[in-house]
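A short worksheet on the structure shown next.
The values are calculated or read from the model by the stated rules, or taken from the named source; none is laboratory data. In this text the structure is predicted, and so the values were computed from the model without any measurement. Positions of Cβ are backbone-derived with ideal geometry, glycine not excepted, and every protein chain shown enters the neighbour counts. With ligands, DNA and RNA removed, areas are computed over all heavy atoms of the protein, side chains included. Shrake-Rupley method; radii C 1.70, N 1.55, O 1.52, S 1.80 Å.
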Amino acid sequence: MENAQSSFSISVRGSSLTGLSRRVVEQQLLTRERASELLEAAQKHHCSFLRETLDQSEIDRARLLHCASEDSGMPLLDLTAFDLAQRPLEMVDSRFLETHGVLPLFQRGSKVFLAVPDPSDVTGLDAFTFQTGFGVEAILVDADLLDRVIHDIVSGISSELADLTEDDSLAHMGEEGPAEAQTQNAEVDTPVVRFVKKIFMDAIRQHASDIHIEPYEEKLRIRYRLDGVLHEIATPPLSLSTRIVARIKILSRLDIAERRIPQDGRMKLRLAKDHEIDFRVSTLPTQFGEKVVIRVLDNSGAALGLETLGLEPAQFQLYEKAIGKPHGMILVTGPTGSGKTVSLYSALSTLNSPAVNISSVEDPIEINLPGINQVNINEKAHLNFSTALRAFLRQDPDIIMVGEIRDLETADIAIKASQTGHLVLSTLHTNDAPATIIRLLNMGVEPFNVAASVHLIMAQRLIRRLCGTCRKPVEHPEEVLIRAGFPRSEDMEKLKLFGPGGCDECTGGYKGRTGIFQVMPVSEAVTGLIIRNAGQDEIEQQAETEGVMTLRQAGLIKVRSGLTSLDEVLRVTSS
């Protein structure tokens, strides 16, 4: 029996060397005596031989990890050679990483590849599978390096910022004092300069629409809005808050000495000769410091054709017909971030020609449109929507775009312009098309003016598109489909619906966004309801009678086509 066992292990001082301990002796990385000591210590400390050896021995770490990879059959990866910026960000939070000590590296279909520090410890793998539902493939990495990477992710601070926490010369940066002195200090604060630039560049690379920098009692949180959904990216120490905000204020030409009132500014980043990114900056004093929200305006990727908006064929024809009229008003409605500006720009781009004079007043100008006279609001100079509109009417315009109707004065001027031979396009913040009419009436616009001037109202939302690479078939109970808006007469068994999968080419199974729309022409029947001050319910019923789709119905069309998921449409629309 003893002879049989000796063929599989090396016996030292009564302890049997097997697996990795035996392999390191065979590879002459350790003596038998030292390997046995470490094995006994690992058993005493309730850890693996690999962990104990890495912690206690002078052994070559790279060769030891190579032996562990060969012994376990697990692939070995040098984390320093891996682009961590490509890792999936939304699967687990930083607390999970810190607790379980594993790191998602990339995804292939329904399988996620996890960096692990020890082949013998599968608790992190099991926890990841339980929490996410994904299958896993383990990849062995150096434990110390993995710990440092996870620490950097959890703290939200890169290695180049590590010296900041001990830099006493910057400790008072951002406190009350002359703006010139603060500017001078901030400019030499090189790690903060690098970190802020990294925030911007990562946001551009990930196609984020907004950056949120938020101070709380114990931490600073940085989030990106990706395809309409906020994702936590980093949590730097709160002590860096004033320095980061000061740097952003300098870049956007704001007063860094003033932290008691909100401020608005802009900055520009040139990536190439013909590619510039605009950032619109807004600061807001909060309980624990200034919150900063930065809108990322990348004009290079803006597609401005009407056909790219996502309108259904019948809706497309209505919108195209409305913008082709010589006068009247077209209103695009929806909440902030619903794509209203792109819809208006697409119309202007279609109408733009040397034969017409087009002017727009915006706050701010988001996309430069050659051939169109674009005016940026400047409240400090008393240039607002109403004053710009009055000036436009003296400039022989054919088409006018008003970035937003915010008050009765602007609404009255815009309506009068639409009644005197001009085509006026504008936006309002309302939930749907019928609510827009009620909003104008509540502003104080006379019903006959609304009825005579508004030709078409288009409400819209943006929904995330399923990734074409990893989308997967899903099934929903029939009652869920009916509650969502599918008709009972529809054959539910023939519905082929899809949901998000997840791969390294997308964010949580989604990639990009498209629009869903409610396009309501102001018909004779609707005009009659407006003149007699009918309520929103009556207008909605008339629109339904005339075949106007709700936002939910438009969304379900895209669910049927596999373009998006039912959950996404339910998230964005109300029934």
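Any idea how far apart ALA355 and GLU98 come out in nm if each label point goes 7 Å out from Cα toward Cβ?
For the pair ALA355/GLU98, the computed spacing is 6.5 nm.
Assuming R0 = 60 Å, can you tell me the calculated FRET efficiency for the pair GLU320 and GLU40, based on Cβ-Cβ distance, to the nearest 0.05? Write out the running numbers ahead of the final one.
Numbers: r = 81 Å, r/R0 = 1.34.
That pair, GLU320 with GLU40, gives E of 0.15.
Can you tell me the 0 to 90 degree angle between the C-alpha axis of helix 241-251 and the longest principal axis of the chain, rounded to 10?
Relative to the chain, helix 241-251 is tipped by roughly 50 degrees.
At a Förster distance of 25 Å, what's the computed FRET efficiency of GLU232 paired with GLU379, Cβ-Cβ distance as r, to 0.05? Walk me through the intermediate numbers first.
On the way: r = 33 Å, r/R0 = 1.34.
Result of the calculation: an efficiency of 0.15.
Please list, by residue number, every one of the trypsin sites (Lys or Arg not before Pro) in segment 393-449 that is coil in DSSP and has at most 11 other beta-carbon atoms within 10 Å. Each step should come with its number before you reach the end.
Values: sites: ARG394, ARG406, LYS416, ARG439; in loops: ARG394, ARG406.
In loop regions of segment 393-449 (DSSP not H, G, I, E or B), the sparsely surrounded trypsin sites (Lys or Arg not before Pro) are ARG394.
Rounded to the nearest Å, what's the spacing between the alpha carbon centres of segment 453-501 and segment 394-436? Just the number, please.
After rounding, the separation between the Cα centres reads 33 Å.
Roughly how large, in nm² to one decimal, is the mean projection of the convex hull of the alpha-carbon atoms in the chain? Write down the numbers at each step before the final one.
Numbers: hull surface 140.1 nm².
The orientation-averaged projected area of the Cα hull of the chain comes to 35.0 nm².
Between 0 and 90 degrees, rounded to the nearest ten: what's the tilt of helix 190-205 against the longest Cα principal axis of the chain?
Compared with the principal axis, the helix lies near 70 degrees.
Taking Cα pairs under 8 Å and at least six residues apart, what relative contact order does the chain come out at, in percent? Walk me through the intermediate numbers first.
Working: 980 pairs, mean separation 56.6, N = 575.
Relative contact order comes out at 10 percent.
Could you give the size of the charge dipole of the chain about its Cα centre, using +1 on the Cβ of each K and R and -1 on the Cβ of each D and E, expressed in debye and rounded to the nearest 20? Please report the intermediate quantities before stating the final value.
Numbers: 60 positive and 80 negative charges, 260 e Å.
For this selection, approximately 1240 debye.
Probe radius 1.4 Å, ligands and nucleic acids ignored: give me the carbon and sulfur share of the accessible area of segment 407-541 as a rounded percent.
Values: 2790 of 6160 Å².
C and S atoms contribute 45 percent here.
Rounded, prolate or oblate: which one fits segment 467-575, using the alpha carbon gyration tensor with axes a ≥ b ≥ c (rounded when a/c is under 1.5, else prolate when a/b beats b/c, else oblate)?
On the way: a/c = 3.31, a/b = 2.01, b/c = 1.65.
Because a/c hits 1.5 or more and a/b exceeds b/c, segment 467-575 counts as prolate.
Give me the extension gain from ASN442 to GLN131: residue separation times 0.36 nm, minus the current Cα-Cα distance, reported in nm with one decimal.
On the way: separation 311, 0.36 × 311 = 111.96 nm, distance 4.88 nm.
Fully extending the segment from ASN442 to GLN131 adds 107.1 nm.
For the chain, what does the accessible surface come to per residue with a 1.4 Å probe? Please give it in Å². Present the calculation step by step, with values, prior to reporting the outcome.
On the way: 28340 Å² over 575 residues.
With all protein chains present, the chain gives 49 Å² per residue.
Give me the percent of accessible area attributable to carbon and sulfur for segment 235-341, probe 1.4 angstrom. Intermediate results must be reported in sequence, preceding the final value.
Details: 2680 of 5120 Å².
So the carbon and sulfur contribution to the accessible surface is 52 percent.
What does the extension gain come out to for SER110 and ALA391, with contour length at 0.36 nm per residue minus their alpha carbon separation? Don't jump to the answer; show the numbers that get you there.
On the way: separation 281, 0.36 × 281 = 101.16 nm, distance 5.84 nm.
Using 0.36 nm per residue and subtracting the Cα-Cα distance, I get 95.3 nm.
At 222 nm, what helix-only mean residue ellipticity would the chain give, in deg cm²/dmol to the nearest 500, using -39500 (n - 2.57) for each DSSP H run of four or more? Don't skip to the end; give the middle numbers.
Values: 22 runs with 216 residues, N = 575.
Calculated at 222 nm, the ellipticity per residue is -11000 deg cm²/dmol.
Place the peptides 336-342, 22-28 in order of packing, highest mean first, counting for every residue the other Cβ atoms within 10 Å and averaging per peptide.
Those peptides, ordered most packed to least, come out 336-342, 22-28.
Just want to confirm a number: the relative contact order over segment 457-505, from Cα pairs under 8 angstrom separated by 6+ residues, in percent. All intermediate terms of the calculation are to be shown ahead of the outcome.
Numbers: 32 pairs, mean separation 27.9, N = 49.
Contact order relative to length: 57 percent.
Rounded if a/c is under 1.5, else prolate if a/b is larger than b/c, else oblate: which is segment 241-371, with a ≥ b ≥ c the root eigenvalues of its Cα gyration tensor? Intermediate values should be presented prior to the final figure.
On the way: a/c = 2.64, a/b = 2.12, b/c = 1.25.
Note, shape of segment 241-371 comes out prolate.
Any chance you could give the angle, 0 to 90 degrees and rounded to 10, that helix 433-443 forms with the longest Cα principal axis of the chain?
60 degrees
Of the listed pairs LYS249/LYS340; LYS198/LYS268; LYS472/LYS494; LYS198/LYS340; LYS380/LYS416; LYS197/LYS511, which have alpha-carbon separations greater than 19 Å here? Write down the numbers at each step before the final one.
Details: LYS249/LYS340 28 Å; LYS198/LYS268 15 Å; LYS472/LYS494 16 Å; LYS198/LYS340 30 Å; LYS380/LYS416 26 Å; LYS197/LYS511 25 Å.
With Cα atoms farther than 19 Å apart: LYS249/LYS340; LYS198/LYS340; LYS380/LYS416; LYS197/LYS511.
Where the Cα atoms of segment 488-539 are projected onto their three principal axes, how long is each span, largest first, in whole Å?
56, 30, 16
In nm, give the distance between the simple-model label positions of CYS47 and ARG260, each being 7 Å from the Cα along the Cα-to-Cβ direction.
For CYS47 paired with ARG260, the spin-label model returns 5.4 nm.
What shape does segment 330-427 take by its C-alpha gyration tensor, where a ≥ b ≥ c are the square roots of the eigenvalues and a/c under 1.5 counts as rounded, a/b above b/c as prolate, and the rest as oblate?
Details: a/c = 1.24, a/b = 1.03, b/c = 1.21.
Cα axes put segment 330-427 in the rounded bin.
If R0 is 30 Å, what FRET efficiency do you get for ALA62 and VAL154 from their C-beta distance, rounded to 0.05?
0.70
Compute the length gained on full extension between GLU490 and ILE531: take 0.36 nm times their separation in residues and subtract their Cα-Cα distance, giving the result in nm to one decimal. Present the calculation step by step, with values, prior to reporting the outcome.
Values: separation 41, 0.36 × 41 = 14.76 nm, distance 3.85 nm.
Result for the pair: 10.9 nm of gain on full extension.
Once you keep just the Cα pairs under 8 angstrom separated by 6 or more residues, what percentage relative contact order results for segment 315-470? All intermediate terms of the calculation are to be shown ahead of the outcome.
Numbers: 257 pairs, mean separation 54.6, N = 156.
Computed value for segment 315-470: 35 percent relative contact order.
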